[in-house]
Amino acid sequence: MNKMIFKAITVLLLLFVFFAAFNTNVTEAKKTKKKYKTITTHRIKTIRQNIPHSYIDKDGKIQTEVLNEKVGCGLDECTVHKEDYISKGLSEGKDIDSVIDCKSGSNLYMIKVAVNEVAEGNKIVQKYKTLKELGFYSLQGSCIQGNNLYIAFSNKGKGDNNKKIINDIKEATSLSAVNLTAIVQLKISNNYKVANYYFVKGIEQIDDAIKFLGHANDMTFNKKKLQTTWYEVKGGGKRYTIGYIDVSAEPKGFAINIGKGKSYKHKGMFGITKYKDNDNCFAIGIRDYKSKDKRYVDYYKYKNRPTNKKIKYQYTRVKRLFKVEDEKPFAVCQCMTSTKNNIYINRFNDSPKGDNNIIQTYSYDKKKKKFKYKKKKTVLVKDPKIIRANGKKVKAKNKKWEIEGFGKLKGKGKKFYCIIVMPNADKGGWLTSKQAYLTTIKIK
């Protein structure tokens, strides 16, 4: 009898511990939701670009037509974006929108770019391939200028595979030089269209981060240049580097170090934005694991140097603007943007459980002449849902959505664009491709 009572008490205790733990997790999740105001993302489902298509018309003649088509979804289950399927539909006299009837919406990795390929008889032909096909399968930053949105994609190569990666990219694109950052320009009006794209290659400079397989991270626009923070993966580490991409004429990239000596090992940059909306003035977000502040934002100025100098331009630190306040469990600073008197910082939860991003607001106090963290204005950004090709909404098991870029939309009140990326496939689930969505949010 005593044994039975002991077993019963043990079972009850185990059940109590289980439900207590379960209730704690639910309570913690609710606390996170209640602690911040939750804002919902609104996805821009359709992004368009002009792509030439060849098909056989009803008279048996080959026709080539440039059509304004929807950017694809990138889902394995969907076949309507494939060239053979499109050509067949056009041959039957259908218009491009009735052929591509996918309800999933546009995945930014499926934007197409023109590359040269060698065909029969060594003839050079132009083909259109997606950023995913070309290996630019990592979205690394964005910024807005007027009605143009610039997005950086990269091919992340590192370590001993550098030569193989270089050869693979050359073979895939038939380009004369290796290009490790692709910049896509979207035109914003009543809808979103791919207006242009650039492949950015490094110059032969000892401090050129692009040369060493670095990639663009966060960006801001200034005088026809994309001022850009860079990661450089030479030797398996990250260098403390900033530079710019000139998109005014022939695109080219430059980067220099703004750290010194051993600081490369413990410093990195998570973001850059205009400071007080002034030309050549930037707020730069820095991770510094040897500083008591850990993460902070410094004010830097950019200027050209005399033409007889070896380094033609430089970035000069002016002062510390503020320490970035910690917000558990949102430990990782991802990117930043600004309006005239506010700096906004996105933070990501490195142990994702859904709704993994918050945005902090730091406002400039004109009387005290310093930035103040507006904790009550911190917002939790709701994860987007994935829409399958048939229009059904689903949840992925791997809830690792990350904001990789956001910024104020011109003339749109409190509306910001927001790029949200699921960098890994749905482990153990149905989704095998990465997704990257353009959305809008309102930050009050």
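The values are calculated or read from the model by the stated rules, or taken from the named source; none is laboratory data. Quantities reported herein were computed from a predicted structural model and do not represent experimental measurements. FYI the Cβ positions are ideal-geometry reconstructions off the backbone, even for glycines, and counts take in every protein chain you see.
Looking at N346 and the list (1) at pLDDT 95 or above; (2) assigned to a loop (DSSP other than H, G, I, E, B); (3) polar (S, T, N, Q), which single condition is not satisfied?
Unmet condition: (2).
If you go through the stretch 253-264 one residue at a time, do you hit one that is in contact with a Leu (Cβ under 8 Å, 6 or more places away or on another chain), modelled with pLDDT under 85 and in a strand (DSSP E or B)?
Within the stretch 253-264, not a single residue is in contact with a Leu (Cβ under 8 Å, 6 or more places away or on another chain), modelled with pLDDT under 85 and in a strand (DSSP E or B).
Can you name every residue in the stretch 285-331 that is part of a loop (DSSP other than H, G, I, E, B) and modelled with pLDDT of 85 or more?
Selection gives K294, V324, E325, D326, E327, K328, P329, F330, A331.
Conditions: (1) part of a helix (DSSP H, G or I); (2) modelled with pLDDT of 60 or more. T27 meets all but one. Number of the miss?
Answer for T27: the failing condition is (2).
For the stretch 109-131, give me the residue count where each residue is under 16 Å from L67 (Cα atoms), of a type in the set (V, I, T) and modelled with pLDDT under 90.
Qualifying residue count, the stretch 109-131: 1.
Against the definition (in a loop (DSSP other than H, G, I, E, B) and surrounded by 15 or more Cβ atoms within 10 Å (Cβ to Cβ)), how does N398 come out, yes or no?
Yes: the conditions hold for N398.
So, in the stretch 359-388, of the ones that are in contact with an Asp or Glu (Cβ under 6 Å, 6 or more places away or on another chain) and more than 18 Å from K414 (Cα to Cα), which residue ends up modelled with the lowest pLDDT?
Among those residues, the one meeting the criterion is D383.
If you take the residues in the stretch 220-248 that are within 22 Å of D279 (Cα to Cα) and in a loop (DSSP other than H, G, I, E, B), which one is modelled with the lowest pLDDT?
It comes out as S248.
Identify, by number, the condition in (1) in a strand (DSSP E or B); (2) over 30 Å from K187 (Cβ atoms); (3) in contact (Cβ under 8 Å) with a residue 40 or more places away in the chain that T361 doesn't meet.
Here T361 meets the rest and fails (2).
Condition test on A425, is it more than 30 Å from C281 (Cα to Cα), in contact with a Ser or Thr (Cβ under 6 Å, 6 or more places away or on another chain) and not polar (S, T, N, Q)?
yes
Can you confirm whether K372 is closer than 21 Å to A331 by Cα, surrounded by fewer than 20 Cβ atoms within 10 Å (Cβ to Cβ) and either free of Cβ contacts under 8 Å to residues at least 60 places away in the same chain or touching a His at 6+ places or on another chain (Cβ under 6 Å) (or both)?
It is true that K372 is closer than 21 Å to A331 by Cα, surrounded by fewer than 20 Cβ atoms within 10 Å (Cβ to Cβ) and either free of Cβ contacts under 8 Å to residues at least 60 places away in the same chain or touching a His at 6+ places or on another chain (Cβ under 6 Å) (or both).
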